[in-house]
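Written out below as structure tokens is the structure these notes cover.
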Amino acid sequence: MRMYDLIEKKKRGFALSSEELRFFVDGFTRGEIPDYQASALCMAICFNGMTPEECADLTEAMTDSGSRVDLSSLPHTADKHSTGGVGDLTSLITAPLAASLGLSVAKMSGRGLGHTGGTVDKLESIPGFRTALAKEEFLDQVRRIGVAVVGQTANLAPADKKLYAIRDVTATVDSIPLIASSIMSKKLAAGAESIVLDVKYGSGAFMKTADDARELARTMTAIGAAHGRHMAAFVTSMEFPLAPQIGNTLEVEEAVRILRGEKPRGWGIRTVAVRLAAEMLALSTGIASDDALRQAEESLASGRAYAKFLEWIAAQGGDISYIEEDRFERAPCSREVRLTRDGYFTAADTERIGLASCLCGAGRMKKEDQPDLTAGLVMQIAPSERVRAGQTAAVLYAASEEKLDAAEEMLRSSLVITDEPKETPPLIADVVR
Ligand code: URA
């Protein structure tokens, strides 16, 4: 087999066989196929797409490039994955909530990059919390308390890691088959039998429209189903940040607020987090979605989910007195950003809001960057709200005034205030099962 022939075949719009895709993935992972040929194939896939069989085969080959986590000794294993966003702290709520419902949540999460945050950074903002556990400790914790969340191990789908690095610099990230196989290779390797996806659409997401997000959702659920997993995918809005608090410590604080049952503040985070946990329960046990939702709401209202959260944080070494006594730290410099006109908060460039948080210091523009876990911003106006000139739109937190200057400029450019009200886009545009 020659890589040249595979590129030529895909360039002409033909489907690659399972053997050909495996030849590519194995050869590329071993360093026998050079980056330029892998890039050419990715570009041909961008233009000509892939059939569902090709997507499933490419994913399987990438999954097999590393080790698989064996969760077969655990009951009702369920995982969730979000395609990434701003104020998207669902895992901090959904993981303990799902565990409080009797599921086994053995989860591997990522770090933030670009304008989006990552669960591992958020968890590391809790003093003492360990995101690296040995395999046995990880599985044992899930067996004992139903939940553990760790950073992705280096050997989880290494082909994807290598391929993503190339896609990132060759304008080949935004291909639905490539995104779907990249995400699903890691999810399959992580081992859960039920997987619920949260595919984001809108100004803060990879997929700018609900239709594209729906197609990505269908592609990923089909890949999972082809590999015997119970699958569902929500298509949810990133037209606004999901939560008002953006930044690592700030998002942990927001999760705690919701787990304690405090009143939601006009953003979508509580709804999405609870629906995801309920869907994990429905997929794992076969009960109806409505029943699952009722159980999830009951667990949250009774404090069981919050108790599970504290148990989880303590099990991974986190200081729960820090949480129970609300000792959440904020960066030393702060600034209120005030509106200059009356109107309605009808739209946002959510990517820019995420970037404003990064400019405060909360994010990573390069992999090597070390985020300031206490930095970020708190939105004070909610989607669709009637607002007045002089009202505080957001409070920024950073280590220096210079950072605040840059973040303020970015945040101001992200807010759209209009004379007339406008309906906000649907928070949950679709559920693909
Ligand atoms: N996230 C991934 O893990 N892979 C992609 O290709 C895009 C987003």
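Since every read-out is calculated from the coordinates, none of them should be taken as a lab result. The model shown is predicted, which means the values in this text are computed figures rather than measured ones. In this analysis, Cβ positions are derived from the backbone assuming ideal geometry, glycine residues included, and neighbour counts consider all displayed protein chains.
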Worksheet entry | Stretch gain in nm, segment A399-F14, where the contour uses 0.36 nm per residue and the Cα spacing is subtracted | 133.2 nm
Item to complete: Express as a percent, rounded to the nearest 5, the fraction of DSSP beta bridges in the chain (both residues included) that run antiparallel.
Response: 55
Worksheet item: List the GluC sites (Glu not before Pro) in the stretch 355-433 that DSSP assigns to loop (not H, G, I, E or B) and whose Cβ has at most 10 other Cβ atoms within 10 Å. Which are they?
Response: E368, E423
Worksheet entry | Y36 paired with S334, simple spin-label distance in nm, labels 7 Å along Cα-to-beta-carbon | 5.6
Worksheet entry | Sites D174 and D140 - FRET efficiency at Förster radius 41 Å, r taken between beta-carbons, to 0.05 | 0.55
Response to the item:
Of the stretch 210-247, those with amide N under 12 Å from the point 7 Å along the Cα→Cβ vector of V431 are 232-235
Discussion item. Kirkwood hydrodynamic radius, the stretch 147-201, all distinct C-alpha pairs: what's the number in Å?
Written reply: 12.6
Worksheet entry | D_trans [Stokes-Einstein, Kirkwood Rh over alpha-carbon pairs] for the stretch 78-324, 25 °C, 0.890 mPa s, µm² s⁻¹ | 137
Item to complete: Please list, or write none, the lysines whose alpha carbon is within less than 28 Å of the alpha carbon of K366, excluding same-chain residues fewer than 8 places away.
Response: K80, K107, K122, K161, K162, K186, K187, K200, K208, K403
Worksheet entry | With Cα atoms, 0 to 90° folded angle of helix 401-412 axis to the chain main axis | 80
Worksheet item: Kirkwood hydrodynamic radius of the stretch 258-396 from all distinct Cα pairs, in Å?
Response: 18.1
Worksheet item: Given a cut-off of 23 Å, what percent of all Cα-Cα pairs of the stretch 333-418 lie beyond it?
Response: 20
Discussion item. At 0.36 nm per residue, and after removing the present C-alpha to C-alpha distance, how many nm does the segment from A154 to R386 gain when stretched out fully?
Written reply: 78.7 nm
Worksheet entry | Global form of the stretch 1-148, assessed from the alpha-carbon gyration tensor, a/c cut-off 1.5 | prolate
Worksheet item: Are there chymotrypsin sites (Phe, Trp or Tyr not before Pro) in the stretch 197-240 that DSSP marks as loop and that have at most 10 other Cβ atoms within 10 Å, and which are they?
Response: none
Worksheet item: What FRET efficiency comes out for the pair T51/S73, r = Cβ-Cβ distance, R0 = 45 Å, nearest 0.05?
Response: 0.80
Worksheet item: How many nm is it between the label spots at E262 and E298, if each spot is 7 Å from the Cα in line with the beta carbon?
Response: 2.7
Worksheet item: Which trypsin sites (Lys or Arg not before Pro) from the stretch 1-99 combine a DSSP loop assignment with at most 16 other Cβ atoms within 10 Å?
Response: R2, R12, R30, R68
Item to complete: Before anything else, pin down the relative contact order of the chain: Cα pairs under 8 Å, at least 6 apart, normalised by residue count, whole percent.
Response: 20
Practice prompt. Find how much the distance from E423 to K367 grows on full extension, using 0.36 nm per residue of separation minus their present alpha carbon separation; answer in nm with one decimal.
Written response: 16.4 nm
Response to the item:
Dividing the helical contributions, -39500 (n - 2.57) per DSSP H run of n ≥ 4, by the residues of the chain yields a 222 nm value, nearest 500 deg cm²/dmol, of -14500 deg cm²/dmol
Item to complete: Based on a Kirkwood Rh over C-alpha pairs, give the Stokes-Einstein translational diffusion coefficient of the stretch 67-166 at 25 °C and viscosity 0.890 mPa s in µm²/s.
Response: 171
Worksheet entry | Long-range Cα-Cα pairs in the chain (distance over 41 Å), rounded percent | 15
Practice prompt. On a 0 to 90° scale, report how tilted helix 176-190 is relative to the longest principal axis of the chain, with both axes built from alpha carbons and the result rounded to the nearest 10.
Written response: 90
Worksheet entry | Ratio of Rg to Rh over the stretch 193-253 (Cα coordinates, Kirkwood Rh, two decimals) | 1.08
Worksheet, complete the sentence: Taking Cα pairs closer than 8 Å and at least 6 residues apart, the relative contact order of the stretch 1-76 in percent is 38
Worksheet item: Looking at the square roots a ≥ b ≥ c of the eigenvalues of the Cα gyration tensor of the stretch 3-49, which shape do they give, rounded for a/c under 1.5, prolate if a/b is larger than b/c, or oblate?
Response: oblate
Worksheet item: Roughly what angle does helix 158-169 make with the longest principal axis of the chain, taking Cα atoms, 0 to 90 degrees, to the nearest 10?
Response: 70
